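See below for the structure under consideration.
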Amino acid sequence: MIDLRSDTVTRPTPQMRRAMFEAEVGDDVYGEDPTVRRLEEYVAGLLGKEAAVYAPSGTMTNQIGVYVNTSRGDEVLVHQDAHVFNYEAGAPALVSSVQVRQLPGEGGVISPETLRAAARPENVHFPRQSLLCLENTHNASGGRIYPLDAFAAVCEEARDLGLRVHLDGARLFNAQAATGIPAREWAALCDTVSVCSSKGLGAPVGSLLAGDSGTIAEARRARKALGGGMRQAGVIAAASLYAFEHNIDRLAEDHERAARLARGLSSAGYRVVPPETNIVLVEVGDVPRFLEALAARGVLATPRDSSTVRMCTHLDVSDEDVERAVEAAAGIARFGVAG
(Lines give C-alpha, C1' and ligand atoms only; values in the text may rest on other atoms or scores of the structure.)
Protein backbone atom coordinates (compact mmCIF):
# COMPACT_ATOMS: atom_id res chain seq x y z
CA MET A 1 0.00 0.00 0.00
CA ILE A 2 1.08 3.56 -0.75
CA ASP A 3 0.19 5.40 2.44
CA LEU A 4 -0.55 9.07 1.85
CA ARG A 5 -2.74 9.52 4.92
CA SER A 6 -0.13 11.47 6.89
CA ASP A 7 3.59 12.03 7.35
CA THR A 8 3.14 10.41 10.78
CA VAL A 9 3.07 6.92 9.20
CA THR A 10 6.80 6.84 8.42
CA ARG A 11 8.93 3.98 9.70
CA PRO A 12 12.45 4.38 11.12
CA THR A 13 15.25 3.94 8.61
CA PRO A 14 18.02 1.41 9.30
CA GLN A 15 20.32 4.28 10.31
CA MET A 16 17.73 5.58 12.75
CA ARG A 17 17.22 2.11 14.22
CA ARG A 18 20.98 1.84 14.69
CA ALA A 19 21.01 5.14 16.57
CA MET A 20 18.22 3.84 18.80
CA PHE A 21 20.05 0.55 19.41
CA GLU A 22 23.25 2.32 20.42
CA ALA A 23 21.66 5.11 22.50
CA GLU A 24 23.07 5.96 25.89
CA VAL A 25 20.28 6.01 28.45
CA GLY A 26 19.52 7.12 31.99
CA ASP A 27 16.47 8.20 33.97
CA ASP A 28 15.11 11.28 32.25
CA VAL A 29 12.80 12.26 35.12
CA TYR A 30 15.99 12.72 37.14
CA GLY A 31 17.54 14.55 34.21
CA GLU A 32 20.08 11.76 33.77
CA ASP A 33 19.40 10.53 30.23
CA PRO A 34 22.32 11.82 28.14
CA THR A 35 20.58 11.24 24.81
CA VAL A 36 17.48 13.16 25.84
CA ARG A 37 19.65 15.99 27.10
CA ARG A 38 21.57 16.14 23.80
CA LEU A 39 18.27 16.18 21.89
CA GLU A 40 16.84 19.00 24.01
CA GLU A 41 20.00 21.08 23.71
CA TYR A 42 20.19 20.49 19.97
CA VAL A 43 16.59 21.50 19.28
CA ALA A 44 16.80 24.51 21.60
CA GLY A 45 19.82 25.60 19.56
CA LEU A 46 18.01 25.09 16.26
CA LEU A 47 15.18 27.31 17.49
CA GLY A 48 17.37 29.91 19.22
CA LYS A 49 15.80 29.23 22.61
CA GLU A 50 17.40 28.79 26.03
CA ALA A 51 15.94 25.36 26.71
CA ALA A 52 13.64 22.62 25.46
CA VAL A 53 11.78 19.66 26.94
CA TYR A 54 11.11 16.34 25.22
CA ALA A 55 7.60 14.82 25.37
CA PRO A 56 5.76 11.89 23.76
CA SER A 57 3.56 13.89 21.39
CA GLY A 58 2.83 17.21 19.74
CA THR A 59 -0.51 17.35 21.50
CA MET A 60 1.31 17.20 24.83
CA THR A 61 3.83 19.89 23.91
CA ASN A 62 1.07 22.14 22.55
CA GLN A 63 -1.04 21.71 25.65
CA ILE A 64 1.90 22.27 27.96
CA GLY A 65 2.52 25.42 25.93
CA VAL A 66 -1.03 26.56 26.64
CA TYR A 67 -0.72 25.62 30.32
CA VAL A 68 2.51 27.48 31.07
CA ASN A 69 1.35 30.64 29.27
CA THR A 70 -2.09 31.00 30.89
CA SER A 71 -4.03 30.94 34.15
CA ARG A 72 -7.39 29.30 34.87
CA GLY A 73 -10.30 31.15 33.31
CA ASP A 74 -8.18 32.97 30.74
CA GLU A 75 -9.11 33.25 27.08
CA VAL A 76 -6.80 31.88 24.39
CA LEU A 77 -7.04 33.26 20.85
CA VAL A 78 -6.56 30.86 17.94
CA HIS A 79 -7.30 30.55 14.24
CA GLN A 80 -10.69 28.93 13.66
CA ASP A 81 -9.01 25.90 12.04
CA ALA A 82 -6.19 25.59 14.58
CA HIS A 83 -4.98 22.10 15.40
CA VAL A 84 -4.62 23.00 19.08
CA PHE A 85 -8.39 23.64 19.23
CA ASN A 86 -9.93 21.28 16.68
CA TYR A 87 -7.83 18.13 16.91
CA GLU A 88 -6.57 17.83 20.48
CA ALA A 89 -9.63 16.41 22.25
CA GLY A 90 -10.71 19.59 24.03
CA ALA A 91 -7.45 19.68 25.97
CA PRO A 92 -7.27 23.48 26.52
CA ALA A 93 -10.41 23.23 28.66
CA LEU A 94 -9.52 19.87 30.19
CA VAL A 95 -5.91 20.63 31.10
CA SER A 96 -5.67 24.40 31.50
CA SER A 97 -9.27 25.43 32.31
CA VAL A 98 -9.19 28.12 29.64
CA GLN A 99 -11.70 29.08 27.02
CA VAL A 100 -10.76 29.35 23.37
CA ARG A 101 -11.87 32.09 20.99
CA GLN A 102 -11.62 31.30 17.28
CA LEU A 103 -10.58 33.98 14.79
CA PRO A 104 -10.95 33.93 10.99
CA GLY A 105 -8.16 34.23 8.47
CA GLU A 106 -7.31 32.96 5.01
CA GLY A 107 -4.88 30.03 4.96
CA GLY A 108 -4.42 29.97 8.73
CA VAL A 109 -3.18 33.57 8.87
CA ILE A 110 -4.62 35.92 11.51
CA SER A 111 -4.20 39.57 10.61
CA PRO A 112 -3.23 42.20 13.20
CA GLU A 113 -6.55 43.93 12.51
CA THR A 114 -8.51 40.74 13.25
CA LEU A 115 -6.56 40.22 16.46
CA ARG A 116 -7.08 43.83 17.54
CA ALA A 117 -10.81 43.60 16.87
CA ALA A 118 -11.00 40.54 19.15
CA ALA A 119 -9.30 42.29 22.06
CA ARG A 120 -11.38 42.62 25.21
CA PRO A 121 -11.15 45.61 27.54
CA GLU A 122 -10.35 45.03 31.18
CA ASN A 123 -13.76 44.40 32.71
CA VAL A 124 -15.09 42.11 35.40
CA HIS A 125 -17.52 40.60 32.88
CA PHE A 126 -14.84 39.40 30.47
CA PRO A 127 -12.22 36.69 30.64
CA ARG A 128 -8.64 37.87 30.66
CA GLN A 129 -6.92 37.25 27.34
CA SER A 130 -3.42 35.94 27.85
CA LEU A 131 -2.28 33.90 24.85
CA LEU A 132 -2.28 33.85 21.06
CA CYS A 133 -1.66 30.44 19.46
CA LEU A 134 -0.36 30.37 15.90
CA GLU A 135 0.41 27.42 13.61
CA ASN A 136 3.12 27.00 10.96
CA THR A 137 2.73 25.23 8.65
CA HIS A 138 -1.05 25.22 8.86
CA ASN A 139 -2.37 21.68 8.73
CA ALA A 140 -6.03 22.29 7.90
CA SER A 141 -5.09 24.70 5.11
CA GLY A 142 -3.00 22.07 3.36
CA GLY A 143 0.41 22.72 4.90
CA ARG A 144 0.30 26.45 4.20
CA ILE A 145 3.30 28.50 5.29
CA TYR A 146 2.67 31.45 7.61
CA PRO A 147 4.66 34.23 5.83
CA LEU A 148 7.30 35.61 8.18
CA ASP A 149 6.31 39.24 7.68
CA ALA A 150 2.65 38.50 8.43
CA PHE A 151 3.71 36.36 11.37
CA ALA A 152 5.87 39.16 12.76
CA ALA A 153 3.07 41.69 12.34
CA VAL A 154 0.50 39.69 14.30
CA CYS A 155 3.05 38.85 16.99
CA GLU A 156 3.81 42.56 17.38
CA GLU A 157 0.11 43.26 17.75
CA ALA A 158 -0.13 40.47 20.33
CA ARG A 159 2.66 42.09 22.37
CA ASP A 160 0.89 45.45 22.20
CA LEU A 161 -2.21 43.73 23.59
CA GLY A 162 -0.25 42.10 26.40
CA LEU A 163 -0.53 38.57 25.00
CA ARG A 164 2.06 35.83 25.06
CA VAL A 165 2.53 33.79 21.88
CA HIS A 166 2.74 30.03 21.43
CA LEU A 167 3.63 28.48 18.07
CA ASP A 168 2.37 25.07 17.05
CA GLY A 169 5.34 24.32 14.83
CA ALA A 170 4.65 20.64 14.27
CA ARG A 171 5.78 21.14 10.66
CA LEU A 172 7.83 24.30 11.19
CA PHE A 173 10.84 22.76 9.48
CA ASN A 174 8.73 22.22 6.36
CA ALA A 175 8.35 26.00 6.29
CA GLN A 176 12.12 26.33 6.64
CA ALA A 177 12.78 23.83 3.85
CA ALA A 178 10.30 25.54 1.51
CA THR A 179 11.42 29.14 2.09
CA GLY A 180 15.05 28.94 3.17
CA ILE A 181 14.13 31.00 6.23
CA PRO A 182 15.56 29.39 9.40
CA ALA A 183 12.93 28.10 11.82
CA ARG A 184 14.51 30.19 14.54
CA GLU A 185 13.27 33.39 12.85
CA TRP A 186 9.64 32.40 13.48
CA ALA A 187 10.54 31.00 16.89
CA ALA A 188 12.23 34.25 17.95
CA LEU A 189 8.84 35.98 17.84
CA CYS A 190 7.21 33.49 20.23
CA ASP A 191 7.42 32.68 23.93
CA THR A 192 7.08 28.95 23.35
CA VAL A 193 7.28 26.77 20.25
CA SER A 194 6.38 23.12 19.77
CA VAL A 195 8.11 21.05 17.08
CA CYS A 196 7.55 17.41 16.08
CA SER A 197 10.13 14.81 15.11
CA SER A 198 7.50 12.21 14.23
CA LYS A 199 6.05 13.82 11.10
CA GLY A 200 8.13 14.55 8.01
CA LEU A 201 11.37 14.16 9.93
CA GLY A 202 10.57 10.47 10.26
CA ALA A 203 11.06 9.59 13.94
CA PRO A 204 8.60 7.09 15.41
CA VAL A 205 7.63 9.26 18.39
CA GLY A 206 8.36 12.55 20.09
CA SER A 207 7.98 16.33 20.13
CA LEU A 208 9.72 19.15 21.96
CA LEU A 209 8.64 22.43 23.55
CA ALA A 210 11.22 25.22 23.55
CA GLY A 211 11.33 28.56 25.33
CA ASP A 212 13.22 30.43 28.03
CA SER A 213 14.71 28.39 30.86
CA GLY A 214 12.16 29.44 33.46
CA THR A 215 9.18 28.58 31.26
CA ILE A 216 10.67 25.21 30.33
CA ALA A 217 11.28 24.43 34.02
CA GLU A 218 7.54 24.89 34.54
CA ALA A 219 6.91 22.84 31.42
CA ARG A 220 8.80 19.91 32.96
CA ARG A 221 6.51 20.02 35.95
CA ALA A 222 3.47 20.06 33.66
CA ARG A 223 4.90 17.18 31.61
CA LYS A 224 5.21 15.12 34.78
CA ALA A 225 1.64 15.94 35.82
CA LEU A 226 0.34 14.87 32.41
CA GLY A 227 2.11 11.53 32.55
CA GLY A 228 4.86 12.48 30.13
CA GLY A 229 7.75 11.92 32.51
CA MET A 230 9.64 9.08 30.82
CA ARG A 231 12.49 7.03 32.22
CA GLN A 232 15.15 5.54 29.89
CA ALA A 233 13.77 7.63 27.05
CA GLY A 234 17.07 7.86 25.22
CA VAL A 235 16.03 4.82 23.20
CA ILE A 236 13.37 6.89 21.44
CA ALA A 237 15.07 10.27 21.83
CA ALA A 238 17.94 8.92 19.71
CA ALA A 239 15.52 8.56 16.80
CA SER A 240 14.35 12.16 17.23
CA LEU A 241 17.92 13.42 17.46
CA TYR A 242 18.82 11.56 14.28
CA ALA A 243 15.74 13.03 12.58
CA PHE A 244 16.66 16.61 13.44
CA GLU A 245 20.31 16.10 12.53
CA HIS A 246 19.77 14.35 9.20
CA ASN A 247 16.25 14.82 7.82
CA ILE A 248 15.47 18.54 7.79
CA ASP A 249 16.99 19.36 4.41
CA ARG A 250 15.42 16.31 2.74
CA LEU A 251 11.94 17.69 3.47
CA ALA A 252 12.34 19.54 0.18
CA GLU A 253 12.06 16.15 -1.57
CA ASP A 254 8.61 15.66 -0.01
CA HIS A 255 7.58 19.10 -1.26
CA GLU A 256 8.74 18.29 -4.78
CA ARG A 257 6.79 15.02 -4.78
CA ALA A 258 3.69 16.78 -3.43
CA ALA A 259 3.89 19.27 -6.29
CA ARG A 260 4.26 16.41 -8.78
CA LEU A 261 1.31 14.61 -7.21
CA ALA A 262 -0.81 17.76 -7.43
CA ARG A 263 0.05 18.30 -11.08
CA GLY A 264 -0.80 14.70 -11.91
CA LEU A 265 -4.11 14.81 -10.12
CA SER A 266 -5.00 18.11 -11.78
CA SER A 267 -4.22 16.60 -15.18
CA ALA A 268 -6.49 13.69 -14.28
CA GLY A 269 -9.39 16.09 -13.86
CA TYR A 270 -9.40 16.79 -10.13
CA ARG A 271 -9.57 20.21 -8.55
CA VAL A 272 -6.41 20.49 -6.46
CA VAL A 273 -5.16 23.14 -4.03
CA PRO A 274 -1.54 23.79 -5.16
CA PRO A 275 0.64 22.66 -2.25
CA GLU A 276 3.26 24.87 -0.63
CA THR A 277 4.83 22.01 1.30
CA ASN A 278 3.97 18.30 1.59
CA ILE A 279 0.16 18.29 1.89
CA VAL A 280 -2.16 18.08 -1.11
CA LEU A 281 -5.88 18.83 -0.79
CA VAL A 282 -8.01 17.26 -3.53
CA GLU A 283 -11.72 17.75 -4.22
CA VAL A 284 -13.19 14.32 -5.01
CA GLY A 285 -16.94 14.66 -4.46
CA ASP A 286 -18.08 11.48 -2.69
CA VAL A 287 -15.27 11.07 -0.16
CA PRO A 288 -16.12 7.65 1.34
CA ARG A 289 -16.65 6.15 -2.11
CA PHE A 290 -13.46 7.68 -3.46
CA LEU A 291 -11.35 6.49 -0.52
CA GLU A 292 -12.74 2.98 -0.80
CA ALA A 293 -11.98 2.85 -4.53
CA LEU A 294 -8.53 4.35 -3.98
CA ALA A 295 -7.66 1.81 -1.28
CA ALA A 296 -8.77 -0.99 -3.59
CA ARG A 297 -6.10 0.29 -5.99
CA GLY A 298 -3.41 0.25 -3.30
CA VAL A 299 -3.39 3.87 -2.15
CA LEU A 300 -4.48 5.30 1.22
CA ALA A 301 -5.58 8.90 1.83
CA THR A 302 -7.58 10.60 4.56
CA PRO A 303 -10.79 12.68 4.51
CA ARG A 304 -10.40 16.43 4.90
CA ASP A 305 -14.09 17.36 4.80
CA SER A 306 -17.27 16.15 3.09
CA SER A 307 -15.86 16.64 -0.43
CA THR A 308 -12.08 16.85 -0.04
CA VAL A 309 -9.33 14.38 0.81
CA ARG A 310 -5.81 15.00 2.03
CA MET A 311 -2.72 13.33 0.59
CA CYS A 312 0.58 13.78 2.37
CA THR A 313 4.03 12.97 1.01
CA HIS A 314 6.85 11.81 3.30
CA LEU A 315 10.13 9.93 3.34
CA ASP A 316 8.44 6.56 2.70
CA VAL A 317 6.87 7.86 -0.54
CA SER A 318 8.99 7.51 -3.68
CA ASP A 319 8.72 9.02 -7.14
CA GLU A 320 7.25 5.73 -8.35
CA ASP A 321 4.67 5.82 -5.54
CA VAL A 322 3.55 9.27 -6.70
CA GLU A 323 3.11 8.00 -10.24
CA ARG A 324 1.11 4.99 -9.05
CA ALA A 325 -1.09 7.19 -6.85
CA VAL A 326 -1.87 9.46 -9.79
CA GLU A 327 -2.68 6.46 -11.99
CA ALA A 328 -5.00 5.03 -9.32
CA ALA A 329 -6.85 8.32 -8.89
CA ALA A 330 -7.06 8.80 -12.66
CA GLY A 331 -8.70 5.39 -12.98
CA ILE A 332 -11.29 6.33 -10.40
CA ALA A 333 -12.02 9.63 -12.13
CA ARG A 334 -12.71 7.81 -15.36
CA PHE A 335 -15.29 5.68 -13.56
CA GLY A 336 -16.95 8.83 -12.24
CA VAL A 337 -16.46 8.13 -8.56
CA ALA A 338 -15.02 11.60 -8.02
CA GLY A 339 -17.89 13.38 -9.76
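The values are calculated or read from the model by the stated rules, or taken from the named source; none is laboratory data. These figures come from a predicted structure and were not determined experimentally. Glycine also receives a Cβ, built like all others from the backbone with ideal geometry; neighbour counts cover every protein chain displayed. Quick note on the areas: whole protein, heavy atoms, side chains included, nothing else; ligands and nucleic acids left out. Shrake-Rupley method; radii C 1.70, N 1.55, O 1.52, S 1.80 Å.
Test Ala178 against the criterion of being farther than 25 Å from Val273 by Cα, in a helix (DSSP H, G or I), in contact (Cβ under 8 Å) with a residue 24 or more places away in the chain and in contact with a helix residue (DSSP H, G or I) (Cβ under 8 Å, 6 or more places away or on another chain), and give yes or no. Break it down stepwise before answering.
Values: farther than 25 Å from Val273 by Cα: no; in a helix (DSSP H, G or I): yes; in contact (Cβ under 8 Å) with a residue 24 or more places away in the chain: yes; in contact with a helix residue (DSSP H, G or I) (Cβ under 8 Å, 6 or more places away or on another chain): yes.
So Ala178 does not fit the description; no.
Residues that are surrounded by 15 or more Cβ atoms within 10 Å (Cβ to Cβ), in contact with a strand residue (DSSP E or B) (Cβ under 8 Å, 6 or more places away or on another chain), closer than 14 Å to Asp7 by Cα and β-branched (Val, Ile, Thr): does segment 313-321 have at least one?
Within segment 313-321, one or more residues are surrounded by 15 or more Cβ atoms within 10 Å (Cβ to Cβ), in contact with a strand residue (DSSP E or B) (Cβ under 8 Å, 6 or more places away or on another chain), closer than 14 Å to Asp7 by Cα and β-branched (Val, Ile, Thr).
Per-residue answers, yes or no, for (1) touching a residue at least 40 places away in the same chain (Cβ under 8 Å); (2) assigned to a loop (DSSP other than H, G, I, E, B); (3) aromatic (Phe, Trp, Tyr); (4) over 30 Å from Phe173 (Cα atoms):
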site: Ala258; (1), (2), (3), (4): yes, no, no, no
site: Gly264; (1), (2), (3), (4): yes, no, no, no
site: Thr277; (1), (2), (3), (4): yes, yes, no, no
site: Val282; (1), (2), (3), (4): yes, no, no, no
site: Gly285; (1), (2), (3), (4): yes, yes, no, yes
site: Phe290; (1), (2), (3), (4): yes, no, yes, yes
site: Ser306; (1), (2), (3), (4): no, yes, no, no
site: Met311; (1), (2), (3), (4): yes, no, no, no
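Does Ala301 qualify as being modelled with pLDDT of 95 or more, open to solvent by 10 Å² or more (accessible area, probe 1.4 Å) and touching a Phe, Trp or Tyr at 6+ places or on another chain (Cβ under 9 Å)?
On the way: modelled with pLDDT of 95 or more: yes; open to solvent by 10 Å² or more (accessible area, probe 1.4 Å): yes; touching a Phe, Trp or Tyr at 6+ places or on another chain (Cβ under 9 Å): yes.
The answer is yes for Ala301.
Only residues in segment 322-339 that are assigned to a helix (DSSP H, G or I) and β-branched (Val, Ile, Thr) count as the first member; pair them with residues that are modelled with pLDDT of 95 or more and open to solvent by 30 Å² or more (accessible area, probe 1.4 Å), Cβ under 7 angstrom, at least 6 apart or cross-chain, and list the lot.
Note: pairs meeting the criteria are Val322/Arg257; Val322/Arg260.
Tell me yes or no: at least one residue of segment 158-166 is outside any helix (DSSP H, G or I) and within 20 Å of Asp254 (Cα to Cα).
no
If you take the residues in segment 141-157 that are touching a helix residue (DSSP H, G or I) at 6+ places or on another chain (Cβ under 7 Å) and either in contact (Cβ under 8 Å) with a residue 60 or more places away in the chain or not in a helix (DSSP H, G or I) (or both), which one is nearest to Ser57 (Cα to Cα)?
Gly143
Condition check ((1) of a type outside the set (Ser, Thr, Tyr); (2) within 23 Å of Ala23 (Cβ to Cβ)) across all residues:
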position	(1), (2)
Pro182	yes, no
Pro204	yes, yes
Thr215	no, no
Gly227	yes, yes
Glu245	yes, yes
Arg250	yes, yes
Arg260	yes, no
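For Thr61, are the conditions met, namely being open to solvent by less than 20 Å² (accessible area, probe 1.4 Å) and under 30 Å from Gln232 (Cα atoms)?
Working: open to solvent by less than 20 Å² (accessible area, probe 1.4 Å): yes; under 30 Å from Gln232 (Cα atoms): yes.
Yes.
Which condition from (1) surrounded by 24 or more Cβ atoms within 10 Å (Cβ to Cβ); (2) over 21 Å from the mean Cα position of the chain (by Cα); (3) part of a loop (DSSP other than H, G, I, E, B) is the one that Arg72 breaks?
Exception for Arg72: condition (1).
List the residue pairs whose Cβ atoms are under 8 Å apart, where the first residue sits in segment 229-253 and is over 27 Å from Glu218 (Cβ atoms) and touching a residue at least 24 places away in the same chain (Cβ under 8 Å), the second is hydroxyl-bearing (Ser, Thr, Tyr) and crowded, with 24+ Cβ neighbours inside 10 Å, and the two are 6 or more positions apart or on different chains.
The qualifying pairs are Leu251/Thr277.
Looking at Glu245, Glu218, Glu185, Glu157, which one is in contact with a Pro (Cβ under 9 Å, 6 or more places away or on another chain), open to solvent by 10 Å² or more (accessible area, probe 1.4 Å) and either on the phi < 0 side of the Ramachandran plot or of a type in the set (D, E, K, R) (or both)? So that I can check it myself, show each step before the final result.
On the way: Glu245 fails: in contact with a Pro (Cβ under 9 Å, 6 or more places away or on another chain); Glu218 fails: in contact with a Pro (Cβ under 9 Å, 6 or more places away or on another chain); Glu185 fails: in contact with a Pro (Cβ under 9 Å, 6 or more places away or on another chain).
Sole residue among the options that is in contact with a Pro (Cβ under 9 Å, 6 or more places away or on another chain), open to solvent by 10 Å² or more (accessible area, probe 1.4 Å) and either on the phi < 0 side of the Ramachandran plot or of a type in the set (D, E, K, R) (or both): Glu157.
In this structure, is Glu32 of a type in the set (Asp, Glu) and either free of Cβ contacts under 8 Å to residues at least 40 places away in the same chain or surrounded by 24 or more Cβ atoms within 10 Å (Cβ to Cβ) (or both)?
Working: of a type in the set (Asp, Glu): yes; either free of Cβ contacts under 8 Å to residues at least 40 places away in the same chain or surrounded by 24 or more Cβ atoms within 10 Å (Cβ to Cβ) (or both): yes.
Yes.
Determine which single condition Val272 fails, assuming it passes every other condition in (1) in contact (Cβ under 8 Å) with a residue 12 or more places away in the chain; (2) open to solvent by 10 Å² or more (accessible area, probe 1.4 Å); (3) within 29 Å of Gly202 (Cβ to Cβ).
(1)
I need the full set of residues from segment 286-298 which are open to solvent by 30 Å² or more (accessible area, probe 1.4 Å) and either within 26 Å of the chain's Cα centre (by Cα) or not aliphatic (A, V, I, L, M) (or both), in order please.
Asp286, Pro288, Arg289, Leu291, Glu292, Ala295, Arg297
Within segment 101-113, track down each residue that is more than 22 Å from the chain's Cα centre (by Cα) and either over 15 Å from Val165 (Cβ atoms) or crowded, with 19+ Cβ neighbours inside 10 Å (or both). Before the answer, list the steps.
First, the residues of segment 101-113 that are more than 22 Å from the chain's Cα centre (by Cα): 112-113.
Matches in segment 101-113: Glu113 only.
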